[in-house]
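Asker: Pasting in a structure now, in structure tokens, and then I'll have a few things to ask.
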Amino acid sequence: MKTIGFFNNKGGVGKTSLVYHLAWMYAELQVRVIAADLDPQANLTSMFLDDEDLEVIWTEQSRVQTIFGAIQPLLEGLGDIAEPARYSR
């Protein structure tokens, strides 16, 4: 498995746009891609999902469908990492 990570302390340098376009490019080339949005603003997530999907995963009851929801039990000392939700198009 090859992993590519993008990080820069400065905002507004195009990290989210670059990741979005690279993920689509690789997917079009039949390369399996996972784009994990760890930014609290969730701009990458909003680029990939339509408004209806976003509304579902951002409701309080559905927080388990996010990366935060998967690690929340660990952070609260209530258990291990939960199975994250997966979306594919």
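Asker: Any residue at all in segment 51-60 that's loosely packed, with under 10 Cβ neighbours inside 10 Å and modelled with pLDDT of 80 or more? Can you show your working first?
Answerer: Step one: filter segment 51-60 for residues loosely packed, with under 10 Cβ neighbours inside 10 Å, giving 51-52, 60.
When the remaining residues are screened for being modelled with pLDDT of 80 or more, the result is 51-52.
Looking through segment 51-60, at least one residue is loosely packed, with under 10 Cβ neighbours inside 10 Å and modelled with pLDDT of 80 or more.
Asker: Give the residues of segment 25-39 that are of a type in the set (A, V, I, L, M) and out of contact with any Phe, Trp or Tyr (no Cβ under 7 Å at 6 or more places or on another chain), sorted by residue number.
Answerer: Matches in segment 25-39: MET25, ALA27, LEU29, VAL31, ILE34, ALA36, LEU38.
Asker: How many residues, within segment 24-41, are surrounded by 10 or more Cβ atoms within 10 Å (Cβ to Cβ) and free of Cβ contacts under 8 Å to residues at least 24 places away in the same chain?
Answerer: 9
Residue by residue, here is whether (1) modelled with pLDDT of 75 or more; (2) of a type in the set (Asp, Glu) holds:
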{"position": "THR3", "(1), (2)": "yes, no"}
{"position": "TYR20", "(1), (2)": "yes, no"}
{"position": "MET25", "(1), (2)": "yes, no"}
{"position": "VAL31", "(1), (2)": "yes, no"}
{"position": "ILE34", "(1), (2)": "yes, no"}
{"position": "ASP39", "(1), (2)": "yes, yes"}
{"position": "ILE81", "(1), (2)": "no, no"}
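The values are calculated or read from the model by the stated rules, or taken from the named source; none is laboratory data. Predicted model, so just to flag it, every value in this text is computed and none were measured. Note: ideal-geometry Cβ built from the backbone for every residue, glycine included; neighbour counts use all protein chains shown.
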